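J.: First the structure, which I've put down as structure tokens, then a few questions once you've had a look.
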Amino acid sequence: MIRPADTAALQDAAAWLRRGELVAFPTETVYGLGANAWDAHAVAKIFAAKGRPATNPLIVHVASVDRLGYAISDKLPAEMQDLVQSLAPFWPGPLTIVVPRHRRIPDIVTAGLDTVGVRIPAHPVALALLNLCEFPVAAPSANPSNYVSPTCAAHVERELGAKVAMILDGGPCQAGIESTILSLVEHPPRVLRAGALSAEELADRLKLPVATLLRPASQASGVKHSAQSAPGQLPEHYSPHTPLVFAHEVDMQTLPSRVGRIVFRATSPLFVQAAEIVRLSDDGDLRQIARGLFAALRELDQRRLDLLIVDTCEEEGLGLAIMDRLRRARQRTRPGRADLPQKD
Ligand code: TXA
Ligand code: MG
């Protein structure tokens, strides 16, 4: 099921995709669950395997800027074409753009929107696979809907192994957190999801203030498109099953006995003789923290602990994406949030 990504495995993987089957593959962000994006039947298998609501659109992956036309409309307005061109230095890389879709992309991929999210991943295995595919590959993160994204092949196998034709193993993901999603159909462009490419780097390139890129949907000026981007804002929880709190919220009076602790620094307080401790970096290095975060959440989630206590970081640069994921993971745990979907 899991195969090292050698030439034969890559060819088999492309053949499975061509036949309308699912293949999980590594990217620099997280592992993706891929299907031929031009094949609505194949894409339906992604939604079934993940238990994903049909209202949540998928990101489409291509091998190169030359192939963006597999997914993007061939009638982009000139200024949008210029924007796409100006972002080319970030590719291959963890940037997804939302642009008008090509008519060949079926409704199921975009949840019926006229826009599509597209990216060129920077992992050599993903690029080799996409190069063998004469079609674009739709791929959400390869986890059951709302669970923590996978950053190695074993994570995919654990939950989705029985539902895919093959898992290509390309080792642990370098970034460890999903791509940054930038909508180009809003004026000015807007970050819909913080991710592995920092908003600061994007703002530099687009010559816009960070706050403009990060403004909430309600303040987006592209009124015509704000309804369209709403499905991209669906709450995804990335949640472990174990309740999670932030270190600064810990109430020593009510701490349960079996606690897991994820620390970002060597100097972080432990609070208790924690049953399990994962240290993601010595000095708060955000790249290292992002790289190890999902694996740490998954690992501790298997230990039957009563509570996970996790450090926090400044919401700047990569810290914005890290805190976004942690907040979503914590949400279900918060008192008064009975409105949120419960697992188990
Ligand atoms: O790093 C990543 O982006 C990974 C790897 C596998 O490439 N993929 C990923 O996909 O994170 P997924 O399905 O877990 O997240 C896709 C999100 C959707 O939930 C939605 O928020 C947004 O992308 N999205 C996709 N198409 C969109 C569109 N047309 N308009 C607005 N948002 C869109
Ligand atoms: Mg996901």
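J.: Is there a residue in segment 247-270 that is in contact with a helix residue (DSSP H, G or I) (Cβ under 8 Å, 6 or more places away or on another chain) and farther than 30 Å from Glu159 by Cα?
T.: For segment 247-270, residues in contact with a helix residue (DSSP H, G or I) (Cβ under 8 Å, 6 or more places away or on another chain) and farther than 30 Å from Glu159 by Cα: present.
J.: Of all residues in segment 97-123, which are hydrophobic (A, V, I, L, M, F, W, C), part of a loop (DSSP other than H, G, I, E, B) and within 19 Å of the chain's Cα centre (by Cα)? Reasoning before the result, please.
T.: Of segment 97-123, the ones hydrophobic (A, V, I, L, M, F, W, C) are 97-99, 105, 108-109, 111, 113, 116, 118, 120, 122.
Remaining after also requiring part of a loop (DSSP other than H, G, I, E, B): 105, 111, 113, 120, 122.
Within segment 97-123, Ala111, Ile120, Ala122 qualify.
J.: Starting from segment 236-260, keep only residues that are within 21 Å of Gly195 (Cβ to Cβ) and hydrophobic (A, V, I, L, M, F, W, C), then list their pairs with residues that are at pLDDT below 95 and within 16 Å of ligand 1 (Cβ to nearest atom) whose Cβ atoms are within a distance under 8 Å, requiring at least 6 positions of separation or different chains.
T.: Filtered contacts from segment 236-260: Leu244/Ala329.
J.: Any idea which of (1) within 22 Å of Gly195 (Cβ to Cβ); (2) surrounded by 15 or more Cβ atoms within 10 Å (Cβ to Cβ) is the one Thr55 doesn't satisfy?
T.: The single condition Thr55 does not satisfy is (2).
J.: Let me ask something else. Taking the condition within 16 Å of ligand 2 (Cβ to nearest atom), closer than 21 Å to Ala295 by Cα and modelled with pLDDT of 95 or more, does Pro172 pass? If you could, list the steps in order and put the result at the bottom.
T.: Details: within 16 Å of ligand 2 (Cβ to nearest atom): no; closer than 21 Å to Ala295 by Cα: yes; modelled with pLDDT of 95 or more: yes.
In short, no.
J.: In this structure, is Ala13 surrounded by fewer than 24 Cβ atoms within 10 Å (Cβ to Cβ), modelled with pLDDT of 95 or more and farther than 21 Å from Leu192 by Cβ?
T.: On the way: surrounded by fewer than 24 Cβ atoms within 10 Å (Cβ to Cβ): no; modelled with pLDDT of 95 or more: yes; farther than 21 Å from Leu192 by Cβ: yes.
Taking the combined requirement at face value, the residue does not satisfy it.
J.: Can you tell me which residue among Ala126, Ala48 is outside any loop (DSSP other than H, G, I, E, B), touching a Phe, Trp or Tyr at 6+ places or on another chain (Cβ under 8 Å), of a type in the set (Gly, Ala, Ser) and within 25 Å of Ala14 (Cβ to Cβ)? Even if it seems obvious, please write down each step before you answer.
T.: Details: Ala48 fails: touching a Phe, Trp or Tyr at 6+ places or on another chain (Cβ under 8 Å).
Just a single option satisfies the conditions, and that option is Ala126.
J.: Report those helices (runs of 4 or more DSSP H) wholly inside segment 205-310 carrying at least 2 residues which are modelled with pLDDT of 95 or more.
T.: Working: elements: 210-213, 223-229, 286-301.
Passing ranges, in order: 210-213, 286-301.
J.: Restrict the check to segment 37-54 and report whether at least one residue is under 21 Å from Ala111 (Cβ atoms) and among the acidic types (Asp, Glu).
T.: First, pick out the residues of segment 37-54 that are under 21 Å from Ala111 (Cβ atoms): 37-54.
When the remaining residues are screened for being among the acidic types (Asp, Glu), the result is 39.
Scanning segment 37-54, I find at least one residue that is under 21 Å from Ala111 (Cβ atoms) and among the acidic types (Asp, Glu), so the answer is yes.
J.: Something else now. For the condition in the same structural domain as Leu87 (by TED's automatic domain parsing), buried (at least 24 other Cβ atoms within 10 Å of the Cβ) and within 16 Å of ligand 2 (Cβ to nearest atom), what is the one hit in Pro144, Pro150?
T.: Pro150
J.: Picking from Val99, Val65, which residue would you name as being in the same structural domain as Pro121 (by TED's automatic domain parsing) and either within 16 Å of ligand 1 (Cβ to nearest atom) or of a type in the set (Lys, Arg) (or both)? Walk me through how you get there before you give the answer.
T.: On the way: Val65 fails: either within 16 Å of ligand 1 (Cβ to nearest atom) or of a type in the set (Lys, Arg) (or both).
Result: Val99 is the single residue among Val99, Val65 that is in the same structural domain as Pro121 (by TED's automatic domain parsing) and either within 16 Å of ligand 1 (Cβ to nearest atom) or of a type in the set (Lys, Arg) (or both).
J.: Sticking with this one: Which residue, of Asp82, Asp74, is among the acidic types (Asp, Glu) and either part of a loop (DSSP other than H, G, I, E, B) or crowded, with 24+ Cβ neighbours inside 10 Å (or both)? Quick ask: steps written out before the conclusion?
T.: Numbers: Asp82 fails: either part of a loop (DSSP other than H, G, I, E, B) or crowded, with 24+ Cβ neighbours inside 10 Å (or both).
After applying the criteria, what remains is Asp74.
J.: Being part of a helix (DSSP H, G or I) and more than 12 Å from ligand 1 (Cβ to nearest atom) is the filter here, so list the residues in segment 137-196 that pass it. Step through it out loud before you land on a result.
T.: So the first thing to find is which residues in segment 137-196 are part of a helix (DSSP H, G or I), and the list is 153-163.
Ala153, Ala154, His155, Glu157, Arg158, Glu159, Leu160, Gly161, Ala162, Lys163 - these are the residues of segment 137-196 that are part of a helix (DSSP H, G or I) and more than 12 Å from ligand 1 (Cβ to nearest atom).
The values are calculated or read from the model by the stated rules, or taken from the named source; none is laboratory data. All of these numbers come straight from a predicted model, not from anything done at the bench. Positions of Cβ are generated from backbone atoms using ideal geometry, with glycine treated the same way; all protein chains shown enter the neighbour counts.
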